[in-house]
Structures are given as C-alpha cells and as structure tokens.
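K.L.:
Pasting in a structure now, in structure tokens, and then I'll have a few things to ask.
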Amino acid sequence: MEIVCKPLETDGEIKQAAFIEKSCLSTCWSEQQIASLPEYASYIAAFDGNEMVGIASMYTLASEGQIMNLAVLSNHRKKGVGKKLMDSLLLIAREKSCASVSLEAAENNNSAIALYRKCGLESIGRRKGFYNGTDAIIMEITL
C-alpha cells in the first residue's frame, strides 16, 4: 500500500471527501463547506492508488496551525494512513512558518490520541464537555 497525500483537485474528490467525513465524524463538513474553505485552510486527502481513504484539514493563522478534521475509512485504519496525513499537515504548517500546531481530541478516542502522541503532540489542557458532554484533550506540538 503506497499512500499519497495531496490537496483536493476535482469536484469528485470534494464529494468523496465529504462522504469520508460523514462516514467517520460526528461533526462533518458538507461538500459546499469543503469547496469554499478560506485560503488559510489546508484540506488534503490520502489516496491508496486511485482510492481516497482519508482526509485531514487545518487552519493556519498567526503562525499557528489548528487541525480541524482527520478521518480514515474504517477498513484502512491501523495501516499508517492517519500518520501520513498528520505528517503532511505538519509539513504544510512548517512551510507556512507556523510555530506550533494544536488540536482537540475526545478523551475517549484512544486511537486518535495515540496517533497524535506518535506524531509528537503532547497534552496541554482539557475542554470540559467539548464533545457532547465528553471532555476534549487539547494537544500541541512546537515546530
């Protein structure tokens, strides 16, 4: 499996990205929202050959990156797709001269937290009840 991460290029890719978000995330962006993201947003997809298997997005403002969404289709998890997406976002953040990148993860999302730790992010705080009553763990990496 050779995973390649790149920005979305076609309406079909936007449609597929929205499908992955809807399939994997409780709060997801629509096709229109993805298509009309502001210029400070980066939205990438992971491809295994021609198949889109994951997505990730990040805002970069004032030398800080904020990862918004990361999702991998269930049958492609635990195969390095999430790591490849994270590495790609961190590279984009470095290219945009970000000093740090942060995100929130539900405290019970152990696999996501493990991935983020593997990518060098550390827990720096907590948001009480952020995810429908479940606390969020705030994680960050200094670049």
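The values are calculated or read from the model by the stated rules, or taken from the named source; none is laboratory data. Bear in mind that the values here come from a model prediction, so they are computed numbers and not experimental data. Every residue, glycine among them, receives a Cβ derived from its backbone with ideal geometry; neighbour counts consider all protein chains shown. The accessibility values were calculated without ligands, DNA or RNA, using every heavy atom of the protein model including side chains. Shrake-Rupley method; radii C 1.70, N 1.55, O 1.52, S 1.80 Å.
K.L.:
Which condition does SER23 not pass, out of (1) of a type outside the set (A, V, I, L, M); (2) within 24 Å of ILE141 (Cα to Cα); (3) part of a helix (DSSP H, G or I), if it passes all the others?
P.N.:
Just one mismatch for SER23, condition (2).
K.L.:
Here is a further query. Determine whether THR60 is among the β-branched types (Val, Ile, Thr) and in contact with a Cys (Cβ under 7 Å, 6 or more places away or on another chain). Don't jump to the end; show me each part of the working.
P.N.:
Details: among the β-branched types (Val, Ile, Thr): yes; in contact with a Cys (Cβ under 7 Å, 6 or more places away or on another chain): yes.
The answer is yes for THR60.
K.L.:
Just to be sure, is ILE34 in contact with a strand residue (DSSP E or B) (Cβ under 8 Å, 6 or more places away or on another chain) and either assigned to a strand (DSSP E or B) or open to solvent by 40 Å² or more (accessible area, probe 1.4 Å) (or both)?
P.N.:
Numbers: in contact with a strand residue (DSSP E or B) (Cβ under 8 Å, 6 or more places away or on another chain): yes; either assigned to a strand (DSSP E or B) or open to solvent by 40 Å² or more (accessible area, probe 1.4 Å) (or both): no.
It is false that ILE34 is in contact with a strand residue (DSSP E or B) (Cβ under 8 Å, 6 or more places away or on another chain) and either assigned to a strand (DSSP E or B) or open to solvent by 40 Å² or more (accessible area, probe 1.4 Å) (or both).
K.L.:
Separate question: Which residues, taken from the range 92-108, are closer than 15 Å to GLU140 by Cα and either hydrophobic (A, V, I, L, M, F, W, C) or in contact (Cβ under 8 Å) with a residue 40 or more places away in the chain (or both)?
P.N.:
Taking the range 92-108 as the starting set, the residues that turn out to be closer than 15 Å to GLU140 by Cα are 93-94, 98-107.
Within the range 92-108, ALA93, ARG94, CYS98, ALA99, SER100, VAL101, LEU103, ALA105, ALA106 meet the criteria.
K.L.:
I've got another one for you. Does LEU85 satisfy the condition of being in contact (Cβ under 8 Å) with a residue 24 or more places away in the chain and open to solvent by less than 20 Å² (accessible area, probe 1.4 Å)?
P.N.:
Answer is yes for this residue.
K.L.:
Any idea which of (1) at negative phi; (2) hydroxyl-bearing (Ser, Thr, Tyr); (3) open to solvent by 70 Å² or more (accessible area, probe 1.4 Å) is the one SER97 doesn't satisfy?
P.N.:
Of (1) at negative phi; (2) hydroxyl-bearing (Ser, Thr, Tyr); (3) open to solvent by 70 Å² or more (accessible area, probe 1.4 Å), only one is false for SER97: (1).
K.L.:
Looking at the range 129-143, I want the residues that are on the phi > 0 side of the Ramachandran plot and have a partner that is assigned to a strand (DSSP E or B) with Cβ atoms under 8 Å, at least 6 apart or on another chain. Which pairs are those?
P.N.:
GLY129/ASP135
K.L.:
Condition check: assigned to a helix (DSSP H, G or I), among the aliphatic types (A, V, I, L, M) and surrounded by 13 or more Cβ atoms within 10 Å (Cβ to Cβ). Does ILE14 satisfy that?
P.N.:
On the way: assigned to a helix (DSSP H, G or I): yes; among the aliphatic types (A, V, I, L, M): yes; surrounded by 13 or more Cβ atoms within 10 Å (Cβ to Cβ): yes.
It is true that ILE14 is assigned to a helix (DSSP H, G or I), among the aliphatic types (A, V, I, L, M) and surrounded by 13 or more Cβ atoms within 10 Å (Cβ to Cβ).
K.L.:
Kindly indicate which of ILE141, ILE113 is closer than 19 Å to MET86 by Cβ, part of a strand (DSSP E or B) and modelled with pLDDT of 95 or more.
P.N.:
Details: ILE113 fails: part of a strand (DSSP E or B).
Exactly one residue qualifies, and that residue is ILE141.
K.L.:
Turning to a different aspect of this structure: Can you tell me how many residues in the range 93-108 are over 12 Å from the mean Cα position of the chain (by Cα), outside any loop (DSSP other than H, G, I, E, B) and closer than 15 Å to SER57 by Cβ?
P.N.:
Of all residues in the range 93-108, those over 12 Å from the mean Cα position of the chain (by Cα) come to 93-100, 106-108.
Add one more test, that the residue is outside any loop (DSSP other than H, G, I, E, B), and what stays is 93-95, 100, 106.
Okay, now just the ones that are also closer than 15 Å to SER57 by Cβ, so 93.
So the answer is 1.
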